[in-house]
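The values are calculated or read from the model by the stated rules, or taken from the named source; none is laboratory data. Everything numeric here is computed off the predicted structure, so don't read it as measured data. Cβ placement follows ideal geometry from the backbone for every residue including glycine, while neighbour counts extend to all protein chains displayed. We work out accessible area using only protein heavy atoms, side chains counted, and drop any ligands, DNA or RNA first. Shrake-Rupley method; radii C 1.70, N 1.55, O 1.52, S 1.80 Å.
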Amino acid sequence: MTGFLHLIVPAARFRLVSGTDDLVEYTFNTGTARHLFCGHCGIKSFYVPRSHPDGFDINARCLDEGTVTQMSVALFDDNDRDAATAAVAYLSVEPEGE
């Protein structure tokens, strides 16, 4: 579960159902990203990314089976981080009319 498979969702679509009191937060550099991990086992199942501060980046490998019925994986070119981030910016924005 420590291999992160990123699933970015708008903050309005994220709901943590249990374990809030067990989370430990770590920030560094700009402080924009909020890295959250379990204070017991150390797994980072989700966090607020610097690139998408209005959303959550969930480790899809930590979701219960059947939680997500469909997902597509897009490659992220870290050599051109700005362009790659811009290409997925819409993922952290709540769709209009929902």
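The modelled label-to-label distance between LEU23 and LEU5, using points 7 Å beyond Cα along the C-beta direction, is 2.2 nm. Label-to-label distance for THR32 and ALA74 is 1.8 nm, based on points extended 7 Å past Cα in the beta-carbon direction. Each Lys and Arg contributes +1 and each Asp and Glu -1, all at the Cβ; summed about the Cα centre of the chain, the dipole is approximately 200 debye. Taking only the Cα atoms of the chain, the ratio Rg/Rh comes out at 0.95, with Rh defined as the Kirkwood radius. Summary value for the chain: 32 percent relative contact order, contacts being C-alpha pairs under 8 angstrom separated by 6+ residues. Across the accessible surface of the chain, with the other protein chains kept in place and a 1.4 Å probe, carbon and sulfur atoms take up 50 percent. Computed from the C-beta positions of ALA12 and ALA89 and an R0 of 22 Å, the FRET efficiency is 0.85 to the nearest 0.05.
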